[in-house]
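Enquirer: For reference, the structure I am asking about is given below.
The values are calculated or read from the model by the stated rules, or taken from the named source; none is laboratory data. Keep in mind that this is a model prediction, so the values were computed, not measured. Please note: Cβ atoms are built from the backbone with ideal geometry, for glycine as well, and neighbour counts cover all protein chains shown. Just so you know, the surface numbers come from the protein's heavy atoms only, side chains and all, with ligands and any DNA or RNA stripped out. Shrake-Rupley method; radii C 1.70, N 1.55, O 1.52, S 1.80 Å.
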Amino acid sequence: MRTALNVLAAELKRLKASGVKAVTVSDESLGALRRALAKSGGESRPAPATVSAGAASPPPAVRPAAAPRAGDATIPPPPAVHLPAGDKPARWAALRDQVLGDMTCRAHVRAGKQVVFGVGSIDAQIMFVGEAPGAEEEIQGEPFVGPAGQLLTRMIGGMGLQRSDVYIGNIMNWRPEIPGSSGGVQYGNRPPTEQEMAYCLPYLKAQIEVVNPLLLVALGATAAQGLLGFGSFRALGEVRGRWHEFAGKPLMVTYHPSYILRNPTNRSKRLIWEDLLKVMERAALPITEKQRGYFLEK
Ligand code: URA
């Protein structure tokens, strides 16, 4: 029970750091929590149930990458990636084999789960870069297939494209583990550590080299930190909605789709959409008046 409470506390901290101001807890859940705390010897102090704040405000600060953990000792220095000669499909397939066979990646994936490599068109103009696989992704072995991924697919649709027209990758190739959940079910996600991200980054760079997209889109603060460098910004607002550069490619930074899932208001949708309009302009995609006006209504 302690573990479950610790995981809950970690998830609440994560939500807070990513800008969520309040969560709604039903009386029933509150009662269950009090009973659980009492059973585990904790203090059963009545806590007021809060109501979600109305209008969403953008996440104020970077969700910090997890501090170095004991597990980081098992992360070796970043791998050297050697792309073979050959055509694009052969180079991409060789890279995929290398990542899926990487012993460090495999060692961090729990039984029955998968290392996750990028997906999509290897001729894509636009490459989206996320943070790390979540529960659904490590089951299916594909990035962005869970709830945030379904929303990303709809966002891509709003741009007049299909998921198969773009390339979607993550900084991390495995789902960062939460101690205590090895072998069993893992509840919640944690941001990757700097060391974990440094390990996987050469694999993302190699995907950029092979696919050679026109531009990159970083989804969320962790992906942006991974690409722009740790400590390069404090709050996502400092870098979001502007063009940067990574691996010689223009890089747009925007919110992670999970931010919209937590704040499904027109205001937050419009913020991310404005960034995607800039991406469409730079990629010379046609933009209709209707598309320009998405999410403007209150
Ligand atoms: N969030 C990410 O950043 N990447 C995924 O693949 C899924 C959710």
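Enquirer: Could you check the range 129-143 and list, in sequence order, the residues that are touching a residue at least 60 places away in the same chain (Cβ under 8 Å) and within 8 Å of the ligand (Cβ to nearest atom)?
Expert: Matches in the range 129-143: G130, E131, A132.
Enquirer: Given (1) open to solvent by 60 Å² or more (accessible area, probe 1.4 Å); (2) more than 29 Å from H82 (Cα to Cα); (3) part of a helix (DSSP H, G or I), identify the lone condition not met by Y259.
Expert: Unmet condition: (1).
Enquirer: While we're here: Could you grab me the full set of residues in the range 157-200 that are under 17 Å from V211 (Cβ atoms) and under 16 Å from the mean Cα position of the chain (by Cα)?
Expert: Once the filter is applied, which keeps residues that are under 17 Å from V211 (Cβ atoms) and under 16 Å from the mean Cα position of the chain (by Cα), the range 157-200 yields Y167, I168, G169, N170, I171, N173, C200.
Enquirer: Which of the residues belonging to the range 225-250 are touching a residue at least 40 places away in the same chain (Cβ under 8 Å) and assigned to a helix (DSSP H, G or I)?
Expert: Q225, G226, L227, L236, G237
Enquirer: How many of the residues making up the range 183-203 are in contact (Cβ under 8 Å) with a residue 12 or more places away in the chain and among the β-branched types (V, I, T)?
Expert: Count: 1.
Enquirer: Could you tell me how many of the residues in the range 153-187 are assigned to a helix (DSSP H, G or I), touching a Gly at 6+ places or on another chain (Cβ under 8 Å) and either within 9 Å of the ligand (Cβ to nearest atom) or closer than 21 Å to L227 by Cβ (or both)?
Expert: 0
Enquirer: For L151, state whether it is surrounded by fewer than 21 Cβ atoms within 10 Å (Cβ to Cβ) and under 22 Å from F246 (Cβ atoms).
Expert: So L151 fails the test.
Enquirer: Residues in the range 154-206 that are touching a Leu at 6+ places or on another chain (Cβ under 9 Å), open to solvent by less than 10 Å² (accessible area, probe 1.4 Å) and aromatic (F, W, Y): how many?
Expert: Qualifying residue count, the range 154-206: 1.
Enquirer: Within the range 215-234, can one find any residue that is closer than 19 Å to I168 by Cβ and away from the ligand (no atom under 16 Å from the Cβ)?
Expert: Checked against the condition, which is being closer than 19 Å to I168 by Cβ and away from the ligand (no atom under 16 Å from the Cβ), the range 215-234 yields at least one hit.
Enquirer: Right, here's the next one. From L285, L251, grab the single residue that is within 18 Å of G226 (Cα to Cα) and hydrophobic (A, V, I, L, M, F, W, C).
Expert: Going through L285, L251 in turn, just one is within 18 Å of G226 (Cα to Cα) and hydrophobic (A, V, I, L, M, F, W, C): L251.
Enquirer: Then there is this: State which residue is farthest from E245 (Cα to Cα) when the search covers only the range 113-128 and only residues that are near the ligand (Cβ under 10 Å from one of its atoms) and crowded, with 23+ Cβ neighbours inside 10 Å.
Expert: Across the range 113-128, the extreme among qualifying residues is V116.
Enquirer: Only residues in the range 251-266 that are more than 14 Å from L236 (Cα to Cα) and within 13 Å of the ligand (Cβ to nearest atom) count as the first member; pair them with residues that are outside any strand (DSSP E or B) and among the hydroxyl-bearing types (S, T, Y), Cβ under 7 angstrom, at least 6 apart or cross-chain, and list the lot.
Expert: Sorted first by the residue in the range 251-266, then by its partner, the pairs are I260/S268.
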